[in-house]
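The values are calculated or read from the model by the stated rules, or taken from the named source; none is laboratory data. Since the model is a prediction, treat every value here as computed from it, not as a measurement. Positions of Cβ are backbone-derived with ideal geometry, glycine not excepted, and every protein chain shown enters the neighbour counts.
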Amino acid sequence: MAVRRRKGSPHWHYDFTVNGHRFRGSCQTDDKQTAQAVEAALRRDILLGTLTNKKPTATLDEAFARYWLEHAHTLANAATIKYQAANLLEGIGKGKALDKLTNGDVASYVARRRGKPDLRYKKAGKLVSPSTVNRELTLLRSVLNMARDRWGYEVSAINWKAHWLMEAAPRDRTLRAGEVEALLAECADHLRPAVEFSLLTGVRLSNCITLDWSQVDMQAREIHFRLKSRRPGGKPHVVPMSEPCFILLANMGPEDRGPVFTRDDRGRRLPIKTWKTAWRGALRRAGIEDFRWHDLRHTAATWMIRSGVPLDVVQQILGHQSIQPTMRYAHRDTAERQQAVEALGHAFGTRDFVDARKAKSGKAL
């Protein structure tokens with residue numbers, strides 16, 4: 001066998017000979033299929049380096065296996081990368097060589113993928129969205145770039161811009177006047193504090209539902225999170241508490257550790273694994289349509305912008321890596337837009353402007 005297990009080691013090891021030279025070592029994985037891909041890529045590199053002067057290449061399967069071992073498995077979105085890689089390998093073919101991949105292969109993948117049902121939303125019957133396809137192409141490009149620049153593999157040149165799909169405009173749904181009170185009034189007892197907390201901090205659903213008292217510093221009035229990042233373990237992120245947020249948490253009985261948001265079960269406080277049912281019920285009873293939990297974050301950001309908070313400060317509170325995602329919240333409401341066009345109309349009709357037009361045309365207006 002090309003790969004085998006060694007006693008006392010959880011990893012698979014390769015052991016083969018090329019031109020009388022023996023090569024052996026650890027594949028650094030406990031998955032046999034991944035180990036076989038690593039061994040095949042190493043054997044090919046050695047053979048090509050020995051017999052030819054050409055750059056080595058690899059199959060997509062081998063490249064993704066190496067990308068996973070050397071880079072992706074430590075990232076916060078590793079599970080997403082694994083899902084995307086499986087779709088790419090199935091759609092293009094595990095055995096496709098990196099130097100044989102063509103723009104036609106990529107175009108065919110995009111065409112087939114965008115028309116397939118999204119398995120994450122079976123009940124809703126949704127198709128794979130353009131943004132999903134674009135994220136998968138981004139992963140494929142990353143793997144090919146690493147293969148070319150770091151590993152020295154021969155890689156085909158792909159015109160990526162030609163394959164990006166037009167994505168839908170970002171959602172612009174926030175709670176309107178009266179909807180906040182209606183929603184909070186219809187929330188179950190265990191749900192209301194979480195909704196209030198999300199509106200007061202603008203944190204994501206995952207950060208809210210997994211919040212632990214060990215992350216809450218009541219003395220410093222700070223809440224500490226770990227956001228998804230290329231850094232192992234995530235990026236540290238601190239959100240300061242406002243007075244209402246401090247009072248909300250103080251009334252919940254701060255502890256040294258344990259889940260912040262819990263539900264009562266016959267006198268016991270149990271952690272909440274999901275609140276989908278309670279959330280949907282509250283929205284239905286409040287008469288609020290087309291609203292997701294993530295829109296609470298949009299609402300918080302919009303409120304900050306409308307209250308005059310600088311964009312870069314809002315960016316820091318939301319934990320955005322760049323200012324671009326924050327810019328979407330810099331819109332104005334209808335009244336402000338109406339005031340703007342009224343001011344424009346006033347400027348257009350001023351005497352100085354009218355006189356200037358008369359002088360230029362020589363005609364009465």
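Data for the structure
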quantity	calculated
Filter result for the condition that a residue is among the hydrophobic types (A, V, I, L, M, F, W, C) and in a loop (DSSP other than H, G, I, E, B), over Ala65, Ala76, Ala37	Ala76
Candidate set: the range 217-273, residues that are among the hydroxyl-bearing types (Ser, Thr, Tyr) and surrounded by 13 or more Cβ atoms within 10 Å (Cβ to Cβ); chosen: the one modelled with the lowest pLDDT	Ser229
Candidates Ala97, Ala85 - the one that is closer than 25 Å to Ser26 by Cα and either among the aromatic types (Phe, Trp, Tyr) or under 18 Å from the mean Cα position of the chain (by Cα) (or both)	Ala85
Pairs with Cβ under 7 Å, 6+ apart, first in the range 173-202 and at positive phi, second surrounded by fewer than 17 Cβ atoms within 10 Å (Cβ to Cβ) and assigned to a loop (DSSP other than H, G, I, E, B)	none
Selection count where residues are surrounded by fewer than 16 Cβ atoms within 10 Å (Cβ to Cβ) and modelled with pLDDT of 85 or more, scope the range 34-70	1
Residues that are surrounded by 14 or more Cβ atoms within 10 Å (Cβ to Cβ), of a type in the set (Asp, Glu) and closer than 21 Å to Ala63 by Cβ, drawn from the range 1-33	Asp31
Given (1) farther than 19 Å from Ala282 by Cβ; (2) in contact (Cβ under 8 Å) with a residue 60 or more places away in the chain; (3) of a type in the set (A, V, I, L, M), index of the condition Leu165 fails	(2)
Any chance Thr74 is of a type in the set (Ser, Thr, Tyr) and buried (at least 17 other Cβ atoms within 10 Å of the Cβ)	no
Close pairs from the range 79-103: first closer than 15 Å to Val155 by Cα and touching a residue at least 40 places away in the same chain (Cβ under 8 Å), partner part of a loop (DSSP other than H, G, I, E, B) and of a type in the set (Gly, Ala, Ser), Cβ under 8 Å, at least 6 apart	Ala97/Ala58; Leu98/Ala58; Leu98/Ser156; Asp99/Ser156; Lys100/Ser156; Leu101/Ser156; Thr102/Ser156
So Lys100, is it within 21 Å of Leu137 (Cβ to Cβ), of a type in the set (Lys, Arg), in contact with a helix residue (DSSP H, G or I) (Cβ under 7 Å, 6 or more places away or on another chain) and part of a loop (DSSP other than H, G, I, E, B)	no
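One line per residue, one yes/no per condition, for (1) in a helix (DSSP H, G or I); (2) within 29 Å of the chain's Cα centre (by Cα); (3) free of Cβ contacts under 8 Å to residues at least 12 places away in the same chain; (4) within 17 Å of Leu211 (Cα to Cα):
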| residue | (1), (2), (3), (4) |
| --- | --- |
| Arg257 | no, yes, no, yes |
| Thr274 | no, yes, no, yes |
| Arg297 | yes, yes, no, yes |
| Ala301 | yes, yes, no, no |
| Ile305 | yes, yes, no, no |
